[in-house]
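*Asks:* Sharing a structure, written as C-alpha cells. Questions coming.
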Amino acid sequence: MPPPTPSSLAATSTLPPDWQEKCAKRKQSQLDSIPKEWIIELPPKERLNVMDIPRECGLLSALELEITETTDVQTLLDKLRLGEWSSVQVTTAFYKRAIIAQQLTNCLTEIFVERALSRAKELDDHLARTGTVVGPLHGLPISLKDQFVMKGLETIMGYAKWIGRVAESDCVLVEILNECGAVPFVRTNVPQTLMHGETHNHVFGRTLNPYNLAFTPGGSSGGEGALVAMKGSPLGVGTDIGGSLRIPSAFCGLYTLRPSYARLPYAGAMNALEGQESINSVLGPMTNSISGVKIFTKAILAKEPWRRDPLVLRKPWSESEYQLEAHGGGKQLCFAIMWDNGVVKPHPPLHRAMQMTKRALEAAGHVVIDWEPHRHLEIYKNAARGRETIFAADGGHDYLAECEGAEPLIQSMALLGHPTDADVHESTIPVLEEPLVRKLVGKPYHRSAWELWQLHKEKRDLRKSHLDHWEATVARTGTGRPVDAIISPAVAYTAVPHGHNTDSFYTTLCNALDLTSSMFPVTFVDPQLDDANSPHEFYNHEDEHIYQLYEADKFPGCPVALQLIGGTHEEEAVIRMTEIVAEALSLAAATT
C-alpha cells in the first residue's frame, strides 16, 4: 500500500483524545528529574533579561560561579587536567547552572544528573589512579541537541509520537565524545520538525531567549543557544541545515562552526527529512569561546570519524590549513563585507557591527572590500523558498507522517496559547508566517524524482557559478589571491519576538553552496547608536516586513553577531580567520 499523500494526512488524521495528556506527563517527568534543592525563586514576569539570575539566585557557590564563568574552554581543560578542579566539581557546577537556565528559559529535554556525575567520578578516579587524562576533553561537561542519541535515553526530537523511544546504543558522536573524556550531561530542546527558525514543540514547550524572554533564541538549536548563553554549558553541540547553528548563536551571542558536508560524524543521530541528501544537515559546536570551537573540532577529527561513519571524509585536522598557508600565512588577509544580500536588508545593529569589524580588520593591517552578491535569489529559490524547492520536494510528507495520529503539526511559531506560553509577553508587531512548513500543509503537491534531479542539477550549476564569481575577486583584492573570507550577517536582525524569525537566507546560502562558516559576537544593540534607517526601495514583501519590524527601543541589549564564510571544507582556515577577526575586535575595543 503506498504511503498516504500529504493532503490525506492533513485531512484524515485523527488525534488520540489523550495526546495532550501524554505530552504533559512526559514534561512532568522531566520536571521531576530536577533535584528539589536546585529549584530557585523565579524573578517577576516583567523582568525580561535574566542573564544575571545565576549570580543573584544564591544556588551557586563562589567556586561554582568561578567555574561556570570561566568561558575559555582551554582554561577549563587545563584545570581539569592538572586536578585543580575535579570533573565532579565542574559537572555539578554546570549542571546546577543548566537547571537555573531551564527554569528561566525552558531549554532542556533530558536531565540525567546521577548518570553524568557517575561518569565524572570515573574520570576523576582515572586521573587520580594513572596521573593521565582519558582524552583531550577529559572531564568537560558537554550538552547535546536532542538529536544525538544516547543509550538508555529517549530521543524525542520534538515529536509526541517519539515519546518512549529509548535508544539501545550511542550515536557515533557520543561514542567519540566519551572516548575523548567528555561528560555528556544534558540534552536540549528543538522545534517540532526541526525546520523552524525557533524552538517550540508540544512535548517540552517553548524555549525563551535569556537576553529577553519575550524573544526567541532561534532554532532549531535554540535550546543549546539559550543554555550556552546562560553559561549553563561550556560547550554544546547543535546541527545546521539552513542556519540552525548560526541563527541561535547570532541571537544568543555565541561562537559556532558550520562545517561542510561530511566533515564531522552524523551517523546514528536522529534527523528530519531523512533521505534528503542534496543539502545535508551538519553538526557543530556552540560555545562562549573561539577556543572551544577549535578544541572540539580537533578532538573529533583526531578520532578518525571516517572509520565509523562512512559518509565522513578521510580528512584529518590540517595544521598547515589552520596556519593559513593557502591564505598568505594570514599576514594580510582580504575580507569582503556583504552589507546586503540583495534579498533583505539587515537592521541597523547589523550594519554597525559590520562597520566595527571593517575598522578593526583594517587597523590590524588586513584588506576589506565590498562583496558583490551573485545570483542569491536564485540560490534561495532553489533551496528553500516556497514549495517547489529541494527542502519541500516531498510536499511536507515527512512532517505530516511524524505527526500523523499523534499531535497537530505546528504551522507557525507564533504564540499559540500553549500552556508554556503563559509567561511570554505578547508583542504588538503583526506575526509573520514561516514560509516553508505553513505553505506545505494540505498541499497534494510533491516533486517527481526527475523534477528533483533538475533541482539538484540547478544547485550544482549555481555552486559552480558562485565559485567562479569568488575566484574572480582576485582582480580586486590586491593580495594576489581571491577574497579569503566573506563577512556578513547570519540573519537580517538580532533576536526578535516569538513568531517573527522568518529570514534564513544569509545562512541558507552557505548550506546550499556548502561553504564552511562560523559565527562571532561583535556587540549589543544600543538604541542611541542603532536608530532606524530611512525607508528604502524594498526588494520584496519580506524585505518590507523586516524593515517594519525594527524599532530601536524594542531590542536594547540583544547580542549582535556576524558570520564569517570560507570555502568548502575549509574548517581549519575558517576557525583561524575567526580567531583573527575576534582578536582584531578585542584590540579595537581595548583602544577605544
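The values are calculated or read from the model by the stated rules, or taken from the named source; none is laboratory data. All figures in this text were calculated on a predicted structure; none of them were measured in a lab. Positions of Cβ are generated from backbone atoms using ideal geometry, with glycine treated the same way; all protein chains shown enter the neighbour counts.
*Asks:* Search segment 116-132 for residues that are over 25 Å from Arg187 (Cα atoms) and pair each with any residue that is charged (D, E, K, R) when their beta-carbon atoms are under 9 Å apart and the residues are at least 6 apart or on different chains.
*Replies:* As it stands, the answer is Leu127/Arg81, since those pairs meet every condition given.
*Asks:* Still on this structure, I have one more. If only one of Phe520, Phe538 is without any contact (Cβ under 8 Å) to a residue 12 or more places away in the chain and not in a helix (DSSP H, G or I), which one is it? Before you say what the answer is, go through the steps one by one.
*Replies:* Working: Phe520 fails: without any contact (Cβ under 8 Å) to a residue 12 or more places away in the chain.
Going through Phe520, Phe538 in turn, just one is without any contact (Cβ under 8 Å) to a residue 12 or more places away in the chain and not in a helix (DSSP H, G or I): Phe538.
*Asks:* Moving to a separate point now. Determine which single condition Gly58 fails, assuming it passes every other condition in (1) out of contact with any Ser or Thr (no Cβ under 9 Å at 6 or more places or on another chain); (2) without any contact (Cβ under 8 Å) to a residue 24 or more places away in the chain; (3) part of a helix (DSSP H, G or I); (4) not aliphatic (A, V, I, L, M).
*Replies:* That leaves (3) as the condition not met.
*Asks:* Scan segment 529-556 for residues that are hydroxyl-bearing (Ser, Thr, Tyr) and more than 11 Å from Lys345 (Cβ to Cβ) and report the count.
*Replies:* Initial filter on segment 529-556 (hydroxyl-bearing (Ser, Thr, Tyr)): 534, 539, 547, 550.
Keeping just the survivors that are more than 11 Å from Lys345 (Cβ to Cβ) gives 534.
Number of matching residues: 1.
*Asks:* Taking the condition on the phi > 0 side of the Ramachandran plot, of a type outside the set (S, T, N, Q) and modelled with pLDDT of 95 or more, does Gly284 pass? Spell out the reasoning first.
*Replies:* Details: on the phi > 0 side of the Ramachandran plot: no; of a type outside the set (S, T, N, Q): yes; modelled with pLDDT of 95 or more: yes.
Judged against the criteria, Gly284 is not a match.
*Asks:* Within segment 243-275, can you find the residues that are closer than 18 Å to Leu509 by Cβ, in a loop (DSSP other than H, G, I, E, B) and either over 10 Å from the mean Cα position of the chain (by Cα) or of a type in the set (Ser, Thr, Tyr) (or both)?
*Replies:* Correct list: Ser244, Pro259, Ser260, Tyr261.
*Asks:* Still on this model: Has segment 483-494 got at least one residue that is more than 24 Å from His327 (Cα to Cα) and either out of contact with any Asp or Glu (no Cβ under 8 Å at 6 or more places or on another chain) or modelled with pLDDT under 95 (or both)?
*Replies:* So the first thing to find is which residues in segment 483-494 are more than 24 Å from His327 (Cα to Cα), and the list is 491-494.
Going one step further and asking which of them are either out of contact with any Asp or Glu (no Cβ under 8 Å at 6 or more places or on another chain) or modelled with pLDDT under 95 (or both), we end up with 494.
Looking through segment 483-494, at least one residue is more than 24 Å from His327 (Cα to Cα) and either out of contact with any Asp or Glu (no Cβ under 8 Å at 6 or more places or on another chain) or modelled with pLDDT under 95 (or both).
*Asks:* Could you grab me the full set of residues in segment 119-132 that are among the hydrophobic types (A, V, I, L, M, F, W, C) and farther than 30 Å from Leu245 by Cα? So that I can check it myself, show each step before the final result.
*Replies:* The initial filter retains those residues of segment 119-132 that are among the hydrophobic types (A, V, I, L, M, F, W, C), namely 120, 123, 127-128.
Within segment 119-132, Leu127, Ala128 meet the criteria.
*Asks:* Just checking, does segment 238-248 include any residue being buried (at least 24 other Cβ atoms within 10 Å of the Cβ), at pLDDT 95 or above and over 24 Å from Leu564 (Cβ atoms)?
*Replies:* No, that holds for no residue.
Residue-by-condition table, conditions (1) farther than 22 Å from Leu153 by Cβ; (2) more than 24 Å from the chain's Cα centre (by Cα):
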| position | (1), (2) |
| --- | --- |
| Trp85 | yes, yes |
| Val88 | no, yes |
| Arg97 | no, no |
| Gln102 | no, no |
| Thr109 | no, no |
| Ala120 | no, yes |
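*Asks:* Does segment 314-322 include one or more residues that are under 23 Å from the mean Cα position of the chain (by Cα), at pLDDT 95 or above, under 19 Å from Gly567 (Cα atoms) and not hydroxyl-bearing (Ser, Thr, Tyr)?
*Replies:* yes
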